[in-house]
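Visitor: What follows is a single structure, and I will ask about it in a moment.
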Amino acid sequence: MKNEKAIRPFGLRDKVGYMFGDFGNDFTFLFASTFLMVFYTKVLGISMGLVGTLFLVARCIDAFTDVAMGQIVDRVKAGKDGRFRPWIRRMCGPVAIASFLMYQSALANASMTIKVIYMFVTYILWGSVFYTSINIPYGSMASVLSSESDDRAALSTFRSVGAALASLIVCVGGPLLVYTTDEAGNQIVHGGRFTLIAGVFSACAIVCYLLCYYMTTERVQKEPIVNQQAPSIGKSLQAVLTSRSLIGIVAAAIFLLLGSLMSQSVNQYVFIDYFNDKAGLSMLSLFGILPSFILAPFVVPLTRRFGKRELGALGCFIGGAACIVLYFLHTHSVAVFIGVSVIAYMGFGFFNMVIWALITDVIDDQEVRTGHREDGTVYAVYSFARKIGQALAGGLGAWALGFVGYDSTVQIQTAEVADKIYSVATMFPGLLYIAVGVCLVTIYPLSKKKVDENIALLKKRNG
């Protein structure tokens, strides 16, 4: 451990700074996960099948770029501002510019070949290269801002609050800007606004990243693993990939992202094609964010008493049950749909609030097992798993919509197709959220008791 005599104590400044990091992330990530498929299909007219294929191809590339970035941050020598923070400063510009380039509506009249090439190049450049190079160090950084369990739970909570703040702007305001109403009262996409919105969000992302960089301080430091007589990269990855705690959280993360992102992307079509109500889409996003702010003050005391794994699993079971209720209701009332959805958000929202603290617990557990601390590698494997979930969510969402008859060449879908879209958006996520809870209960081994034991052991070992 690093001598902390001259280092500012961990406090609110670090929490708020770390919050701005995910605020910045989600100006590009959340905009992409919510609206990129809409842009590709409704503005550029690219088929759902090709969009789904793009997401899967990009994730295959991520298998290499994520792990490579994790190894880089684990093996690079720390500078005066730490080992992880410098990457936020270096890469905030490239990731923002790459995001802006994905939404060039002027290409709507280009040939399909040009549009498909443009789609693949810009998306892979943003997600597999630049977003990876900033998100891996940012996520790994949580474990070095403080070694205390409560502090890490607080960082996870503040990170989730940052994502919720971004959602207020992207998911609540986005639909009101992206969609317009035609003379017949139908909701259609205003393609020309995408480029402007993407530019504004990219600029906001840079500001948030820089605030994260300047407000946080790395305190818990080890020598780079090349100086620790560490195992080879292959053996290091083997040790990480055989960790039951990592396997458990990876499985839970994949199911969580399959559920939440599939629901998030398909809900765009539910509210536009089924409810015909863009304002309802904004209201769903608004009420879906509120649970994060309601739960935030209670996360640390509740997890201190009951444990992160225990409460996270319970929340996911509640969220999954609420989604399945929506499926059987098959309601035409926007108010009912939003009301039941809020119950779901309250459930799995708690797991979202603590998930980043669970990763720091996994990093500690890996150090207890192997004697080597590999923050970047563990987080990279986890990040790749999340991207698999994102890709599968986007791919399955696109393919499911194609399977039920969605036609990307027209703005208005048939009533039969709209009904099937509703079913896709409710039953599938419900089952997936329940699967998250099952993974936490049956695979992930880090109970409250085990986490406390690991922290005490590491403190004793590291002096």
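The values are calculated or read from the model by the stated rules, or taken from the named source; none is laboratory data. Source: prediction; values computed, not measured. Heads up, the Cβs are rebuilt from the backbone with ideal geometry, glycines too, and the neighbour counts pull from every protein chain shown. We work out accessible area using only protein heavy atoms, side chains counted, and drop any ligands, DNA or RNA first. Shrake-Rupley method; radii C 1.70, N 1.55, O 1.52, S 1.80 Å.
Visitor: Please compute the contact order of the chain in relative form: average sequence separation of alpha-carbon pairs under 8 Å and at least six residues apart, divided by the residue count, as a percent.
Guide: So the answer I get is 29 percent.
Visitor: Separate question: Using a Förster radius of 60 Å, what is the FRET efficiency between residue 333 and residue 72 based on their Cβ-Cβ separation? Nearest 0.05, please. Display every interim value, and only then the final one.
Guide: Working: r = 51 Å, r/R0 = 0.85.
The value I calculate is 0.70.
Visitor: Along the charge dipole of segment 321-463, pointing to its positive end and built from +1/-1 on Cβ of Lys, Arg, Asp and Glu, which listed residue (354, 372, 435) has its Cα farthest out?
Guide: 372
Visitor: Ranked from the most accessible area to the least, with a 1.4 Å probe and all protein chains present, what is the order of 28, 181?
Guide: Ranking 28, 181 by accessible area, largest first, yields 181, 28.
Visitor: Going down the list 42/278; 77/448; 42/420; 308/459; 278/420, which pairs span over 23 Å between their C-alpha atoms? Please report the intermediate quantities before stating the final value.
Guide: Working: 42/278 15 Å; 77/448 33 Å; 42/420 19 Å; 308/459 20 Å; 278/420 19 Å.
Violating the 23 Å limit, Cα to Cα: 77/448.
Visitor: Ok, one more. Please state, to two decimals, what the Cα-based radius of gyration of segment 305-385 comes to when divided by 2.2 N^0.38 Å (N = residues).
Guide: 1.48
Visitor: Let me ask something else. Spelling out what I want: for every residue of segment 416-430, take phi, set θ = phi - 60°, compute 6.51 cos²θ - 1.76 cosθ + 1.60 (Karplus), and round to whole Hz; glycine and proline get x.
Guide: Once rounded to whole Hz, the list reads 5, 5, 4, 4, 5, 4, 4, 5, 4, 7, 10, 5, 4, x, x.
Visitor: Right, something else. In degrees between 0 and 90, to the nearest 10, how far off the longest principal axis of the chain does helix 149-167 point, with axes built from Cα atoms?
Guide: 20 degrees
Visitor: With angles folded into 0 to 90 degrees, how steeply does helix 308-329 sit against the dominant principal axis of the chain? Use alpha carbons for both and round to 10.
Guide: So the inclination is approximately 10 degrees.
Visitor: While we're here: For a quick check: with amide H placed at 1.01 Å from N, whose amide H comes under 5 Å from residue 179's, ignoring anything fewer than 5 positions away on the same chain?
Guide: 190
Visitor: Report the one residue of 44, 163, 55 whose Cα lies farthest in the direction of the positive end of the charge dipole of the chain (charges on C-beta: Lys and Arg +1, Asp and Glu -1; origin at the Cα centre).
Guide: 163
Visitor: For residue 207 and residue 369, FRET efficiency with R0 = 30 Å and r from the beta-carbon atoms, rounded to 0.05?
Guide: 0.15
Visitor: Here's another thing I want to ask about it. Could you report the chain's accessible area per residue, 1.4 Å probe, as an integer in Å²? Mind dumping the intermediate values first?
Guide: Numbers: 17170 Å² over 463 residues.
Per-residue accessible area for the chain comes out at 37 Å².
Visitor: Another one. In Å, what is the Rg of the alpha-carbon atoms in the chain, and how long is Dmax?
Guide: 21.5, 71
Visitor: P(r) of segment 244-367 in 5 Å steps, Cα pairs, percent per bin?
Guide: Pairs per bin, as whole percents: 2, 10, 19, 22, 18, 13, 8, 5, 2, 1, 0.
Visitor: On a 0 to 90° scale, report how tilted helix 244-269 is relative to the longest principal axis of the chain, with both axes built from alpha carbons and the result rounded to the nearest 10.
Guide: 20 degrees
Visitor: Tell me what the chain gives for mean residue ellipticity at 222 nm when only DSSP H runs of n ≥ 4 count, each as -39,500 (n - 2.57), the sum divided by the residue total, rounded to 500 deg cm²/dmol.
Guide: Value at 222 nm, helices only: -25000 deg cm²/dmol.
Visitor: Suppose every K and R has +1 on its Cβ and every D and E has -1 on its Cβ; what is the size of the dipole of segment 39-152 about the Cα centre, in Debye to the nearest 20?
Guide: I would put it at about 320 debye.
Visitor: Over the chain, what percent of the accessible surface lies on carbon and sulfur atoms, probe 1.4 Å?
Guide: 67 percent
Visitor: Turning to a different aspect of this structure: Over the Cα atoms of segment 1-88, compute the convex hull volume and normalise it per residue, giving Å³.
Guide: For segment 1-88, the hull spanned by Cα atoms encloses 121 Å³ per residue.
Visitor: Treat each spin label as a single point 7 Å out from the Cα along the C-beta direction, and report the residue 431 to residue 340 distance in nm.
Guide: With each label placed 7 Å out from Cα toward Cβ, I get 1.7 nm.
Visitor: How about residue 80: which aspartates and glutamates have a C-alpha closer than 15 Å to its C-alpha, ignoring those fewer than 8 places off in the same chain?
Guide: Straight-distance partners of residue 80: 4, 218, 223.
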